[in-house]
Amino acid sequence: MSSLSRFPGTCLWVAIVSLLVVILLSTATATAAQAPACEPGVVVGVPTPEPPRSGVCPEPAPIALEANLGPEDPPAPLVGLRMRTPARATAGQEIEYRIYVENSSPASAHHVVVRNPLPAHARFVRASPEPHALAPELEWKLGTLEANAKREIVLVLAATGTGDVNNCARVQIEHGQCVTTKIARPALRLKKEGPSQALLSGMLSYAIIVTNTGDADLTNILLTDILPAGLEHASGKNRLNWIIGTLPPGHSQSVKYEVVAKLAGRLCNKTFATAAGDIRQEGESCVQVAEARLGLDVTGPRQRYLNVPATYHIVVSNAGTAPLTSVLVSDPLPANTSFLSASEGGQLSGNQVQWSLGALAAGEKRSFELVLQARTAGRICNAVIASAEPGLSKQAEACTDFAGAPALSLEVADSEDPVEVGAATTYAIAVHNQGTSPVTGVRIEATVPAQMSVLQATGAANHRREGQKIIYEPLTLQAGDSARYRVEVRAERPGDVRFRVELTAAQLSGGPVQQEESTTIYSALPTSRRKFPSMRQLLLGSSLMRGPYQAVIIGYKEP
């Protein structure tokens, strides 16, 4: 009996398994016979192609790599640090470290910092470049290290003991990236069209054009036009409004309106366009409305002294766009003034000066000058009147404050010059106010030379003596008045001396006025006791003829 016969159940199971294996092998063989041997590649994220139906392997499907690739990032900096130093050193010896910092990438590295803690058994000696910080560790701030750039640091330490010196350096950089997200937004452009010139009472047409130059809708658009005085709308309002609403990107919309010119001159109306998002634009259109306009301007000095000519400038103009005719300028002379001259053919007729100009073209100006002189102090206004056709007139004035002016003169003279020692001479001092206003605080200070002595002093004010000085009390000198002083002195010693006078006053802003008078003091000649030789001695040819008396004396009569 075989071994399988001993286990009848086991044989049944073996038979069933064998049958299943045969069925599976048959199915696989049939499938392999129908399909060619194709081995398509498998790529993550790409679908596997379906089995071929024609029995021919298809071309492998292209792999869409770009679909999964993001934006290209800029290169990142790569900074390395190397340090070189001698392997051995003795205690107390200086140790040189060469620290190399290198950027081996094509990108710049920013805020590069090298730090080197001071090791044990060593002290800092020097470094090149100098570190930016010494404690708590050595620190070098290298800033930006460009692409493929290299920096070198030389560090010198000194061993302080017998222990090994373990020096460590490290480098730190900052690397970052910025990205921009573009936000769609609207943009408003405002354009205003209108005439630059017009006639008075004419109709003026305007157009306002608003455009969305952005890439998003422009919403809640409101147009406002403010009319100036002189431009009148049919509604009677000076503020016109239009609601535009929404304007897509690239679209424009315009509004038109008409006004009437009621005044002449340059008239400007402003337009405002607003939209949601605090968007605002302004525009302006100016028009010159034609009309003849008479202009007059008078200028003159604000202040003048009496008896000093004052010149007034008169300008008459046509600021409009139409000519003026029969232009006449009249200038009545103010009271208490005298006429001196007038330019451009001005004629004095009675108590006024006139200029007859005829026509004055648009934009033309004519200028004149009138010179007056005030006879009394005070405020005087020169009023000018201009008239022209058709029925235009203009008046303008310029006012001047006329005031008197002080003008002091100083005179000093001596009565005797030269003067003999022991004789007397008198110095006369005179101060004159030649101006047109009073002078206050007029004071005279006279200094007598040391070679003289003061006999007496008189004058327009009391005085006091201080040594060789005579000081008179201050006084007020009216316009046209004079103050006189006399100082009598005696000559004591010979010499060429100076009598000095100093004049001060409140109105002398430039300082005191000084003047000197020179005087010569001489001594009496001594009487000679030496006798002249007689005529007989001269005729006998005495030795005196060869002495100091060798001369020819005419008309000599021997006593």
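Please figure out what share of the DSSP beta bridges in segment 408-522 is antiparallel and state it in percent, rounded to the nearest 5.
Working: 46 of 48 bridges.
Roughly 95 percent of the DSSP beta bridges within segment 408-522 come out antiparallel.
Over all alpha-carbon pairs of segment 408-522, lay out the pair-distance distribution in 10 Å bins, whole %, shortest bin first.
Bin by bin from 0 Å, the calculated values are 14, 47, 27, 11, 1.
Loop-only check: which GluC sites (Glu not before Pro) in segment 477-524 are DSSP coil with at most 14 other Cβ within 10 angstrom?
Qualifying residues, ordered by number: 492.
Starting from the Cα of residue 182, draw a straight line to each of the aspartates and glutamates and keep only those under 13 Å, dropping any in the same chain fewer than 8 residues away.
215
Would you please give the residues with an amide H less than 5 Å from that of residue 296, counting only those at least 5 places away or on a separate chain, with H modeled from the backbone geometry?
Counting only residues 5 or more places away or on other chains, the set is 317.
Of the options 167, 149, 136, report the single residue whose Cα projects farthest towards the positive end of the charge dipole of segment 124-190 (beta-carbon charges: Lys, Arg +1; Asp, Glu -1).
149
Kindly provide the trypsin sites (Lys or Arg not before Pro) of segment 165-212 that DSSP labels as loop, not H, G, I, E or B, and whose Cβ sees at most 10 other Cβ atoms within 10 Å.
Values: sites: 170, 182, 189, 191, 192; in loops: 182.
For trypsin sites (Lys or Arg not before Pro) across segment 165-212 that sit outside H, G, I, E and B with at most 10 neighbouring Cβ atoms in 10 Å, the list reads 182.
List the lysines whose Cα lies under 29 Å from the Cα of residue 141, skipping any in the same chain that are fewer than 8 positions away.
Here the lysines satisfying the reach criterion relative to residue 141 are 150.
Please tell me the relative contact order of segment 408-522 in percent, rounded to the nearest whole number, where contacts are Cα pairs under 8 Å and at least six residues apart.
35
Taking Cα centroids, how far is segment 466-482 from segment 93-145 in Å?
Computed from Cα coordinates, the inter-centre distance equals 86 Å.
How big is the dipole moment of segment 408-522 about its Cα centre under a simple scheme where the beta carbon of each Lys and Arg is +1, that of each Asp and Glu is -1, and everything else is neutral? Debye, nearest 20, please. Show your work: numbers first, answer last.
On the way: 10 positive and 15 negative charges, 70 e Å.
In debye, rounded to 20, segment 408-522 gives about 340.
Roughly how big is segment 79-174's charge dipole about its Cα centre, with Cβ charges of +1 (Lys, Arg) and -1 (Asp, Glu), in debye to the nearest 20? Don't skip to the end; give the middle numbers.
Values: 11 positive and 10 negative charges, 32 e Å.
Rounded to the nearest 20 debye, it is 160 debye.
Under the rule of at least 5 residues apart or a separate chain, name every residue whose amide H is placed under 5 Å from the amide H of residue 108.
Here the answer is 147, since their amide H atoms fall under 5 Å of that of residue 108.
Loop-only check: which trypsin sites (Lys or Arg not before Pro) in segment 71-137 are DSSP coil with at most 11 other Cβ within 10 angstrom?
Here the trypsin sites (Lys or Arg not before Pro) that fit, given the DSSP loop and packing criteria, are 88.
What ³J(HN,Hα) values, in whole Hz, does the Karplus curve 6.51 cos²θ - 1.76 cosθ + 1.60 give for segment 173-178 when θ = phi - 60°, with x put for Gly and Pro?
10, 10, 9, x, 8, 10
Assigning unit charges at the beta carbon (Lys, Arg +1; Asp, Glu -1) and nothing else, what dipole magnitude in debye, to the nearest 20, does segment 294-403 show about its Cα centre?
So the magnitude is around 260 debye.
Residues with amide H under 5 Å of residue 95's amide H, sequence separation 5 or more or different chain, H placed in the peptide plane at 1.01 Å from N; which?
157, 158, 159
Go through 191/262; 237/394; 262/394; 192/394; 192/237 and tell me which ones have a Cα-Cα distance over 27 Å in this structure.
Listed pairs above 27 Å: 237/394; 192/394.
For segment 313-472, what's the relative contact order in percent, using C-alpha pairs closer than 8 Å and at least 6 residues apart?
Value for segment 313-472: 19 percent.
A short reminder: the numbers here are calculations on the coordinates, not readings from a lab. Predicted, not measured: the structure shown is a model, and the values here were computed from it. Note that we place each Cβ from the backbone using ideal geometry, even for glycine, and neighbour counts take in every protein chain shown.
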